[in-house]
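Here is the structure we will look at, set down as structure tokens.
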């Protein structure tokens, strides 16, 4: 199975990935992003059959790659092993003439999902700024949330969920989120010690 998810709504992309994980059982999940996401590394992981027949899921985030690099990975996915499934995600709007989307459509038996729903990101941006220790920006966003009469319970729930994800990252526990979300959480978690997170 190969999935290609795109659109400018990161939260909705993450929701689509969760749906895939719920509907399918994988024995191992590998996240490829940042420096790990090279054509050579991608090909080595996705083209090699699992000797025990285990189902492997490889998640990739194409956001920081060039158009040429993204197309290359999509072309390489054509030769993936039968035991391997791949999720490509790119939080961008792609036109019908986009080289990336054109390359995706050439992949046999690929499922292409476009997310279109627009959501208010203020509350999630607020959580990010809080744990990035950006006090000025966090205060500005909090004022925006108050002006919109956002439910305090919802704000608290989002902050608690975000903190739990940071704790899981710090403890190297499994986390079912999109690669770009995991990368962001990792950067935030690096600002804290385990004890500091426990005290929050």
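The values are calculated or read from the model by the stated rules, or taken from the named source; none is laboratory data. As the structure is a prediction and not an experimental result, all values here were calculated from the model. So basically every Cβ, Gly included, is an ideal-geometry build from the backbone, and we count neighbours across all protein chains shown.
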**Q.** Check on residue 163, surrounded by 12 or more Cβ atoms within 10 Å (Cβ to Cβ), free of Cβ contacts under 8 Å to residues at least 40 places away in the same chain, under 20 Å from the mean Cα position of the chain (by Cα) and not in a helix (DSSP H, G or I)
**A.** no
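What helices (runs of 4 or more DSSP H), lying completely within the stretch 47-139, carry at least 1 residues that are surrounded by fewer than 16 Cβ atoms within 10 Å (Cβ to Cβ) and touching a strand residue (DSSP E or B) at 6+ places or on another chain (Cβ under 9 Å)?
By residue number, 99-105.
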(Q) Quick check on the stretch 140-160: of everything there that is in contact with a helix residue (DSSP H, G or I) (Cβ under 8 Å, 6 or more places away or on another chain) and outside any helix (DSSP H, G or I), which residue is surrounded by the fewest Cβ atoms within 10 Å (Cβ to Cβ)? (A) 148
Q: Collect the residues in the stretch 27-46 that are within 13 Å of residue 83 (Cβ to Cβ), surrounded by 13 or more Cβ atoms within 10 Å (Cβ to Cβ) and more than 17 Å from the chain's Cα centre (by Cα), keeping them in residue-number order.
A: 45, 46
**Q.** Matching entry among 62, 74 (being within 20 Å of residue 99 (Cα to Cα) and within 12 Å of the chain's Cα centre (by Cα))
**A.** 62
Q.
If I ask for residues that are in contact (Cβ under 8 Å) with a residue 24 or more places away in the chain and in a loop (DSSP other than H, G, I, E, B), which ones from the stretch 1-46 would you list?
A. 1, 7, 8, 9, 24, 25, 26, 27, 33, 37
Q) Quick one: would you say residue 178 is surrounded by fewer than 15 Cβ atoms within 10 Å (Cβ to Cβ) and at pLDDT below 85? A) no
Q. Which condition number does residue 46 fail, the rest of (1) over 21 Å from residue 69 (Cα atoms); (2) touching a helix residue (DSSP H, G or I) at 6+ places or on another chain (Cβ under 9 Å); (3) at pLDDT 90 or above being met?
A. (1)
Q.
So the check is Cβ under 7 Å with 6+ separation or different chains; which pairs have a first residue in the stretch 93-108 that's in the same structural domain as residue 12 (by TED's automatic domain parsing) and within 16 Å of residue 69 (Cα to Cα) and a second one that's at pLDDT below 95 and assigned to a loop (DSSP other than H, G, I, E, B)?
A. 100/94; 101/94
